[in-house]
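Here's the structure, in structure tokens; my notes come after.
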Amino acid sequence: MKFPNLIFFALLSINIACFGQSRPAPKSNPSLPGYSGFHSNLGLQEIIEVGVPLSASTDVTSSATEASGSILQRLDAANAKPPPPPKPKGPLVFSTQAGMRAYTTSNVLRQESSLAKSSGVVESNLGIAVSHRAFKINEYVTMLPRLDMMMQWAWYAQNSELLDYQFGLVKAGIAFGFPNDWSVGTSLDYNTLSNLESGDKTFDSISPSVSLQKIIPVSESSFILFDSMVRLSNMRAETFFPAAGVFADSGDNYQTSFSVSYLKMLGFDQEWTIMPRLAINRTNYTKTPNTGRLDYLFSAGVSAIYQWTDWLGLQSFITYNKMDTDTISNFNAFDLGIAINGNFSF
């Protein structure tokens, strides 16, 4: 298969906000925790998100900001350039994002090492989000509601008739910010996956989730991010997948995950961000034919992000994934690639 020769569109950033003391932090968006994994024909895949000016997602009043600050603003870089004069805005914020990522994977079907085959992958994404400006519930709690809609397409150099897919997502969520940089997010999403070759729907799913986040400043230019999430997926599979049992889309399941990321900002305007990340995802299946199956997916990786302009970002990444399961063959895989994203808020 040949990858399409066009401009690709990127995934809408799914931002879960949390709030705390004001402090400078990176302006790029290095895959914010809270919703970094999506269903795909490679199972749970890390979605690379870059180039999103987070402070555009929310705007608390000046008194609220002085009192507690915002993690969205703290994850914007301390920029040496004077900010533009503020523009009058209503209570709603609309944002769009488009871009692409291209990478190679060492194990395209996520099989045991002796059967592993490599493949190039190109993903294009397009999304829009509507959020209400963050507002204070009381002296200690801030709330940010948000609605996201996203489409994603993927093309594979190998097994394209099996793996090429179209993925759609509608997600409604509310994030609650607490003192000392804690936040809790709750959301409900509907997502669906279809095969691009045949047009057949593989599945659709309704999935509620709850997440907990914490940020720890290490210095004026480095931070540690902790993220945990519990997610229940109610799947309705419509097409039998030939490699059924390999992927996380193999039936109703609940997932628990934990990740820790370290962000280090570099450069005169802190336009560079280096982010190593460790994560573990536990998936337990509750529906035939995979009832009782238990998977552990371990991942480790590092990203280098360059914020070229306020609306455009570039990223390179490498990730190692290892699956331990009690039902199917274990596997490991390396993914290496680049991403480019543009965004606009109004």
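What the table below lists for this structure:
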quantity: Filter result (of a type in the set (A, V, I, L, M, F, W, C), within 30 Å of residue 320 (Cα to Cα) and crowded, with 17+ Cβ neighbours inside 10 Å) within segment 118-156; calculated: 121, 122, 126, 150, 153, 154, 155
quantity: Search result, residues across segment 283-299 that are surrounded by 14 or more Cβ atoms within 10 Å (Cβ to Cβ) and either modelled with pLDDT of 90 or more or not acidic (Asp, Glu) (or both); calculated: 283, 284, 285, 286, 287, 290, 293, 294, 296, 297, 298, 299
quantity: Considering residues of segment 165-202 that are crowded, with 20+ Cβ neighbours inside 10 Å and among the aromatic types (Phe, Trp, Tyr) only, the residue farthest from residue 231 (Cα to Cα); calculated: 165
quantity: Subset tally (residues that are more than 17 Å from residue 341 (Cβ to Cβ), at pLDDT 90 or above and of a type outside the set (S, T, N, Q)) for segment 117-134; calculated: 3
quantity: Residue within segment 320-330 that is outside any loop (DSSP other than H, G, I, E, B), aromatic (Phe, Trp, Tyr) and touching a residue at least 24 places away in the same chain (Cβ under 8 Å) present; calculated: no
quantity: Of all residues making up segment 90-109, the number that are of a type in the set (Gly, Ala, Ser) and out of contact with any strand residue (DSSP E or B) (no Cβ under 6 Å at 6 or more places or on another chain); calculated: 1
quantity: Subset of segment 92-109 [in contact with a helix residue (DSSP H, G or I) (Cβ under 8 Å, 6 or more places away or on another chain), outside any loop (DSSP other than H, G, I, E, B) and not polar (S, T, N, Q)]; calculated: 93
quantity: Selected residue (criterion: nearest to residue 182 (Cα to Cα)) from residues of segment 110-142 that are of a type in the set (Ser, Thr, Tyr) and part of a strand (DSSP E or B); calculated: 142
quantity: Unmet requirement for residue 310, which otherwise passes all of (1) charged (D, E, K, R); (2) at pLDDT 90 or above; (3) not in a strand (DSSP E or B); calculated: (2)
quantity: Some residue of segment 98-106 being of a type outside the set (S, T, N, Q) and free of Cβ contacts under 8 Å to residues at least 60 places away in the same chain; calculated: no
quantity: Meets criteria (touching a strand residue (DSSP E or B) at 6+ places or on another chain (Cβ under 9 Å), closer than 26 Å to residue 119 by Cα and at pLDDT below 90) for residue 233; calculated: no
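Condition check ((1) of a type in the set (A, V, I, L, M); (2) more than 24 Å from residue 202 (Cα to Cα); (3) assigned to a loop (DSSP other than H, G, I, E, B)) across all residues:
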| site | (1), (2), (3) |
| --- | --- |
| 257 | no, yes, no |
| 265 | yes, yes, no |
| 268 | no, yes, yes |
| 274 | yes, yes, no |
| 284 | no, no, no |
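The values are calculated or read from the model by the stated rules, or taken from the named source; none is laboratory data. As the structure is a prediction and not an experimental result, all values here were calculated from the model. Positions of Cβ are backbone-derived with ideal geometry, glycine not excepted, and every protein chain shown enters the neighbour counts.
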